[in-house]
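The structure under discussion appears below in the form of structure tokens.
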Amino acid sequence: MKKIALLFTIGLVGVLSSCDFSFRPPVVSSAESSSASATPTSVESASVPSVSISIDEEGDGYYRPATVNEQVDFQIIGNHDGDHLLKSTGTPKLLVLPIEFTGHPFSASRLADIKTAIAGTADETNYWQSLKSYYRTSSFGALDMEFEFADPYRINYTPQAWVSHYRNQTFTSNESEIAYGDYPEAMPQLALEGAVKQYKDRGGDTSQFDNDGDGVIDACLMIYACKDKKKDISFSTPSYGDLFWAYQFSDTRDISPNVDSPDAIRYFWASYDFFYEGIGEGSGVDCHTLIHELGHILGADDYYNYGSGSYDKAEPSGGLMMMSNNIGDHDPFTKLSYSWVRPYVVTGDCTLVLRPGESSGDCVLLADHWNGTAFDEYVILELYTPTGLNWLDADTTYASKRMFTKAGVRMYHVDARLAYGEDWDSSNCFMGEGYLSDEETADFAATSQRYTKAGKYILPAATNSATYDATFIQGKGYELIQIIQANKVNSTRRGNLSTNADLFETGDSFDLASYSVFFPEGSTLNNGEALPYSISFDEVNSTSATLTFKKTA
């Protein structure tokens with residue numbers, strides 16, 4: 001999902017192209033447990049020389065912050081750029097808009113399936129999870145969405161006639177007139193406008209969907225009643241683009257905020273077909289695709305290489321995660337960026353015992369300096385187990401993909417540093433000028449005000465698609481998130497999916513020098529800083545991982 005010149009954000013389907021809350025008590029060594037602080041304190045340790053981080057647990061060689069992303073998250077970043085995002089914590093309410101065409105009405109059973117897939121319980125899906133149950137589980141209760149289902153909105157054209165009618169009509173984006181025929185993927189905004197107006201005309205109150213009170217509906221989910229382009233190849237011609245597919249967008253037209261009667265900007269658009277991908281119609285409902293696209297509405301990018309003509313050519317992340325191939329639980333980086341987990345931050349010699357990440361949120365962050373947010377560069381690791389939200393996609397194949405089938409520690413190199421710059425170039429690449437400092441990132445509210453006055457945008461510089469990296473880092477090989485493979489082969493960078501061999505097991509060890517192939521700068525992180533730690537994987541099993549960290553410099 002990248003912002004492009006038209007000021008859209010797109011999150012195409014990965015598989016075919018392919019929040020303040022309580023945590024469970026941590027599990028650490030006895031020495032660390034005895035020194036943990038019950039009262040949050042603010043410290044500036046050797047690992048955070050310039051950013052003060054509030055902590056509520058500290059031991060020899062590690063600490064755990066009281067909060068993460070205190071002044072910066074995806075929604076805050078998006079608001080700075082005028083790109084409204086749904087908050088990743090809390091109890092937001094979303095509007096669901098069924099969209100019909102002439103000759104393509106919704107049956108009562110399909111409308112019932114849509115409600116089950118989006119708002120039902122996991123058991124009611126007869127397959128896996130609903131959108132609601134997945135996010136409530138993955139976030140450890142931090143995100144618990146509610147939904148209202150509007151009456152179907154009828155477009156009085158067949159799908160083909162709809163495209164033909166609007167092909168030569170234009171819309172205004174960034175002061176430019178653009179024909180729908182040149183960008184058919186923008187056409188759902190017409191359905192959005194009509195469906196929201198119908199909801200209002202029938203007495204609906206849209207202010208309940210403006211969860212942050214900014215005068216704009218946070219997100220709408222539009223499900224259309226004709227087949228997608230994979231099921232009906234007549235929709236696969238260039239004149240349709242990716243219109244009859246699944247993605248999320250931001251409306252390009254100027255919409256004035258109205259706290260009393262908000263209109264919508266951000267929306268998800270998908271065929272009812274996507275609710276039967278993993279299970280046949282009549283047998284249950286499948287929400288894999290909608291879960292992935294909701295991840296974009298919360299701000300996460302696609303973690304596969306989505307550059308022009310490069311789908312499936314490279315999988316830096318390894319691909320076995322929700323924001324790459326629509327499978328399994330969210331990975332630890334995404335959960336950190338959504339403010340769902342608080343990592344152990346290593347500062348020296350220590351031993352940590354991690355429980356399975358999917359059920360506990362336990363993870364470890366390695367960086368010699370950390371700014372207290374997900375928007376930094378670091379190594380992050382967790383104990384992966386084929387349980388909980390990972391179970392189904394580890395037990396069975398989904399869209400030819402399968403999660404890791406055994407327990408092991410998965411490790412990622414993350415470079416989510418924020419860059420500032422002016423606009424996008426003709427290739428839709430962010431014209432970044434440089435990185436925010438740790439202090440600017442940690443104090444984003446004040447920083448963004450300065451850059452807003454200067455006409456600058458702010459967003460992560462690196463993506464997993466080199467085509468859309470910020471211009472000033474293009475060619476450097478920096479990835480937003482890359483798996484560090486235990487076997488050191490770096491095969492995912494060449495387009496291969498991860499395998500069980502990528503997970504760290506009992507007896508393995510890690511240091512940057514031995515795994516330099518996963519770090520473009522070789523001997524340092526991308527930011528030029530050392531990573532002066534080694535890890536010994538003392539014991540790794542399906543219930544815990546005991547890891548010993550040593551500071552090497």
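The values are calculated or read from the model by the stated rules, or taken from the named source; none is laboratory data. These numbers were taken from a predicted model, which means no experiment stands behind them. A quick note on method: Cβ atoms are made from the backbone with ideal geometry, for glycine too, and the neighbour counts reach across all protein chains shown. These area figures cover heavy atoms from the full protein model, side chains too; ligands, DNA and RNA do not enter into them. Shrake-Rupley method; radii C 1.70, N 1.55, O 1.52, S 1.80 Å.
If you check Tyr398 against the conditions, is it open to solvent by 40 Å² or more (accessible area, probe 1.4 Å) and of a type in the set (Ser, Thr, Tyr)? Answer is no for this residue. Only one of the numbered conditions (1) assigned to a loop (DSSP other than H, G, I, E, B); (2) out of contact with any strand residue (DSSP E or B) (no Cβ under 6 Å at 6 or more places or on another chain); (3) among the hydrophobic types (A, V, I, L, M, F, W, C) is not met by Ile327, and that is (2).
Quick one: in the stretch 527-553, which of the residues that are part of a loop (DSSP other than H, G, I, E, B) and under 20 Å from Arg410 (Cβ atoms) is most open to solvent (accessible area, probe 1.4 Å)?
Looking only at the stretch 527-553, we keep the residues that are part of a loop (DSSP other than H, G, I, E, B), and these are 527-532, 541-544, 552-553.
If we keep only those that are under 20 Å from Arg410 (Cβ atoms) too, we end up with 531, 541-544.
On the way: Leu531: 11, Asn541: 47, Ser542: 77, Thr543: 93, Ser544: 29 Å².
Only one residue fits best here, namely Thr543.
Under 30 Å from Pro356 (Cα atoms) and among the acidic types (Asp, Glu), is that true of Glu193? So Glu193 fails the test.
Residues are listed down the side, and each one gets a yes or a no for (1) within 20 Å of Ser324 (Cβ to Cβ); (2) surrounded by 22 or more Cβ atoms within 10 Å (Cβ to Cβ); (3) of a type in the set (A, V, I, L, M, F, W, C):
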| residue | (1), (2), (3) |
| --- | --- |
| Leu366 | no, yes, yes |
| Ala374 | yes, yes, yes |
| Leu389 | yes, yes, yes |
| His413 | yes, yes, no |
| Tyr420 | no, yes, no |
| Asp425 | no, no, no |
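Take the residues in the stretch 330-368 that are of a type in the set (D, E, K, R) and in a loop (DSSP other than H, G, I, E, B), then tell me which one is modelled with the lowest pLDDT. I'd like the intermediate steps shown before the answer.
Keep residues of the stretch 330-368 that are of a type in the set (D, E, K, R), which gives 331, 335, 342, 349, 355, 358, 362, 368.
Add one more test, that the residue is in a loop (DSSP other than H, G, I, E, B), and what stays is 331, 342, 349, 355, 362, 368.
On the way: Asp331: 98, Arg342: 97, Asp349: 98, Arg355: 98, Asp362: 98, Asp368: 92.
Per the stated criteria, the residue is Asp368.
Being at pLDDT 95 or above, open to solvent by 10 Å² or more (accessible area, probe 1.4 Å), farther than 22 Å from Thr499 by Cβ and part of a loop (DSSP other than H, G, I, E, B): is that true of Gly284 here? Here the answer is yes, as Gly284 does meet what is asked.
Taking each residue of the stretch 78-105 that is farther than 18 Å from Leu459 by Cβ and in a loop (DSSP other than H, G, I, E, B) and looking for partners that are hydroxyl-bearing (Ser, Thr, Tyr) and open to solvent by less than 30 Å² (accessible area, probe 1.4 Å) with beta-carbon atoms closer than 6 Å, six or more apart or interchain, yields Thr89/Ser339. For the stretch 469-496, taking the residues that are closer than 12 Å to Glu315 by Cα and touching a Ser or Thr at 6+ places or on another chain (Cβ under 9 Å), the one that is surrounded by the fewest Cβ atoms within 10 Å (Cβ to Cβ) is identified as Ser491.
If a residue has to be part of a loop (DSSP other than H, G, I, E, B), of a type in the set (A, V, I, L, M, F, W, C) and open to solvent by 10 Å² or more (accessible area, probe 1.4 Å) to count, how many in the stretch 59-77 make the cut?
So the first thing to find is which residues in the stretch 59-77 are part of a loop (DSSP other than H, G, I, E, B), and the list is 60-61, 66-73.
Then keep just the ones that are of a type in the set (A, V, I, L, M, F, W, C); that gives 66, 68, 72.
Next, only the ones that are open to solvent by 10 Å² or more (accessible area, probe 1.4 Å) stay: 66, 68.
So the answer is 2.
Of Asn325, Asn305, all but one fail to be polar (S, T, N, Q), touching a helix residue (DSSP H, G or I) at 6+ places or on another chain (Cβ under 8 Å) and farther than 11 Å from Glu382 by Cβ; the exception is Asn305. Within the stretch 89-134, the residues that satisfy the criterion of being open to solvent by 10 Å² or more (accessible area, probe 1.4 Å) and of a type in the set (S, T, N, Q) are Thr89, Thr91, Thr102, Ser107, Ser109, Thr116, Thr121, Asn126, Gln129.
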